[in-house]
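Trainee: Quick one: this structure, given as structure tokens, is what I'll be asking you about.
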């Protein structure tokens, strides 16, 4: 039987490697626009620690990773979406 390995991704804020299940995925979907935790297209991952998602440069980092400009309303939506996830420290590799 083939054993599957965990899919690892890098947080764009702290640059640590985590299992994909422990990160929040933000995707620039070509049909739906910016979506959270779903969609296909250019994606960026942020760990669930408060330090990373409350970084003052997070908007600039997201714009660079997604290769798009973000609307001012996006940050408000982003903060509401982030608070819906559990805030617990992750241990990177």
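The values are calculated or read from the model by the stated rules, or taken from the named source; none is laboratory data. These numbers come from a predicted model, not from an experiment. Heads up, the Cβs are rebuilt from the backbone with ideal geometry, glycines too, and the neighbour counts pull from every protein chain shown.
Trainee: Are any of the residues in the stretch 73-80 outside any helix (DSSP H, G or I) and more than 14 Å from the chain's Cα centre (by Cα)? Even if it seems obvious, please write down each step before you answer.
Mentor: The initial filter retains those residues of the stretch 73-80 that are outside any helix (DSSP H, G or I), namely none.
Checked the stretch 73-80: no residue is outside any helix (DSSP H, G or I) and more than 14 Å from the chain's Cα centre (by Cα).
Trainee: Hey, does the stretch 45-54 have a residue that's modelled with pLDDT of 90 or more, more than 17 Å from residue 84 (Cα to Cα) and crowded, with 16+ Cβ neighbours inside 10 Å?
Mentor: no
Trainee: So in the stretch 4-22, with the set limited to residues that are in contact with a strand residue (DSSP E or B) (Cβ under 8 Å, 6 or more places away or on another chain) and free of Cβ contacts under 8 Å to residues at least 40 places away in the same chain, which one is farthest from residue 53 (Cα to Cα)?
Mentor: Quick first cut of the stretch 4-22, residues in contact with a strand residue (DSSP E or B) (Cβ under 8 Å, 6 or more places away or on another chain) only: 6-14, 16-20, 22.
Narrowing further to those that are free of Cβ contacts under 8 Å to residues at least 40 places away in the same chain: 6-7, 9-10, 19-20.
Numbers: 6: 23, 7: 21, 9: 16, 10: 14, 19: 17, 20: 16 Å.
Looking at the filtered set, the residue picked out is 6.
Trainee: Within the stretch 23-45, track down each residue that is over 16 Å from residue 7 (Cβ atoms) and either touching a residue at least 24 places away in the same chain (Cβ under 8 Å) or touching a helix residue (DSSP H, G or I) at 6+ places or on another chain (Cβ under 6 Å) (or both).
Mentor: Result: 26, 28, 34, 36, 42.
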